[in-house]
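Worksheet for the structure shown next.
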Amino acid sequence: MNPLKPLSIALLVALHTALAQEVPTVRTATPAKASEATIYEIPGRTEPVDSATIFTRATGIIRERRFEIGDVVKSDDALAIVDAPEIDRAVEAARASVEQAIARATNARSLSNRSSRLLKSDVVSEEESEQRQTAAVETAAAVRVAQAELARLEEQQRFSIVRAPFDGVISARNFDRGDHVRGDAASADGWLYRLERLDTLRFVINATPDLALRLARDNQATVHFGEFPGREFAARVAHSSRVFDTASGTMRMELLLENKDLAIPAGLTGSATFTLSPAEGTYLVPTNALIVREGKTMVATVEDGKVRLIEVLPRRNFGRDVEAISSEISSTTVVILNPNAMLREGDAVASAPLTAAR
């Protein structure tokens, strides 16, 4: 028997044990807090801040058409006048009815007052006095009914003048002088004018989640239009739908854009540029520190001499470094570079600092 054989086996076992207990050394770096602003550019389209389709409540013939498409109008301007003779005659009849009712009420009140005096001297019976008082109350009520009907008809008569509800621009017209129009029961295609307010515009964008979740009310943006080369227009975020469309995965957001000179038309396509500071928890880590496991992007870090895997959300890639967002990363986190695929959570490692991310 060879006496060296047992010794060789013992040496191999000892060597294997030593190798198994040896802690691997990994190259590491520390992240740098991201400071470069993020620039988002997203397409959008202008829309009027206010828009109205104008009908008439009076039935009759168009006598006057005072404005055409493209005309600028002021609030309460008379846009068109409708001849409605039936309403005019009804107003005259209602006024006469009011006069009749007032006359009856005056007579009934006079009789009621007289009967009250005569009742004291027993010239009239108490029953007759009460009847006259009741008649006075009824005729007074009839006056109020007649006055209400007159007010209704006068209001309807005022509708024969079609007025602008706000300052704006006539964008469409749907009638000519002499046309017959029907009030109140007008169908959807029986409108007269379309009025748009253009001194302030909405600039509507469909924001992706990474932008929508970072924008807040009054965030500023710069809007550019290809039709206005070299010009920039200031805008601010005003409204958000707060709901992501299931089909497009985007959220409708509206910016307000001043347009006092009415130079920018509604329906014009452009782009809005947002300059936003880095999101909270955004750090620059070396690109070769990212790993993907189980469909998740992670970085391997060293804590207390052991491996810890942290899930991150990668953003802009600058080549050598990449932005990574995580609430568990700080400027003192030790990140492993080129992590071995065999590294697992909790493995013991020795850190060999290389350089800090820039």
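The values are calculated or read from the model by the stated rules, or taken from the named source; none is laboratory data. Source: prediction; values computed, not measured. Positions of Cβ are backbone-derived with ideal geometry, glycine not excepted, and every protein chain shown enters the neighbour counts. Quick note on the areas: whole protein, heavy atoms, side chains included, nothing else; ligands and nucleic acids left out. Shrake-Rupley method; radii C 1.70, N 1.55, O 1.52, S 1.80 Å.
Tabulated results
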{"item": "The listed residue being farther than 30 Å from Met253 by Cβ and open to solvent by 80 Å² or more (accessible area, probe 1.4 Å), out of Val292, Val299, Val285", "result": "Val292"}
{"item": "Which numbered condition Tyr193 fails, given (1) buried (at least 18 other Cβ atoms within 10 Å of the Cβ); (2) closer than 30 Å to Thr30 by Cβ; (3) not hydrophobic (A, V, I, L, M, F, W, C)", "result": "(2)"}
{"item": "Count - residues of segment 22-74 that are surrounded by fewer than 17 Cβ atoms within 10 Å (Cβ to Cβ) and out of contact with any strand residue (DSSP E or B) (no Cβ under 8 Å at 6 or more places or on another chain)", "result": "4"}
{"item": "Qualifying position, being surrounded by 17 or more Cβ atoms within 10 Å (Cβ to Cβ), at pLDDT below 90 and in contact with a helix residue (DSSP H, G or I) (Cβ under 6 Å, 6 or more places away or on another chain), among Ala94, Ala84, Ala108", "result": "Ala108"}
{"item": "Test set (1) out of contact with any Gly (no Cβ under 6 Å at 6 or more places or on another chain); (2) under 17 Å from Ser51 (Cβ atoms); (3) of a type outside the set (Asp, Glu); (4) open to solvent by 40 Å² or more (accessible area, probe 1.4 Å) - Gly168 fails condition number", "result": "(4)"}
{"item": "Of all residues in segment 252-275 being touching a Lys or Arg at 6+ places or on another chain (Cβ under 7 Å) and either free of Cβ contacts under 8 Å to residues at least 40 places away in the same chain or in a strand (DSSP E or B) (or both), the one that is nearest to Val49 (Cα to Cα)", "result": "Leu256"}
{"item": "Single match in Ala279, Ala289, Ala324, Ala300 (criterion: over 30 Å from the mean Cα position of the chain (by Cα) and closer than 30 Å to Gln220 by Cβ)", "result": "Ala324"}
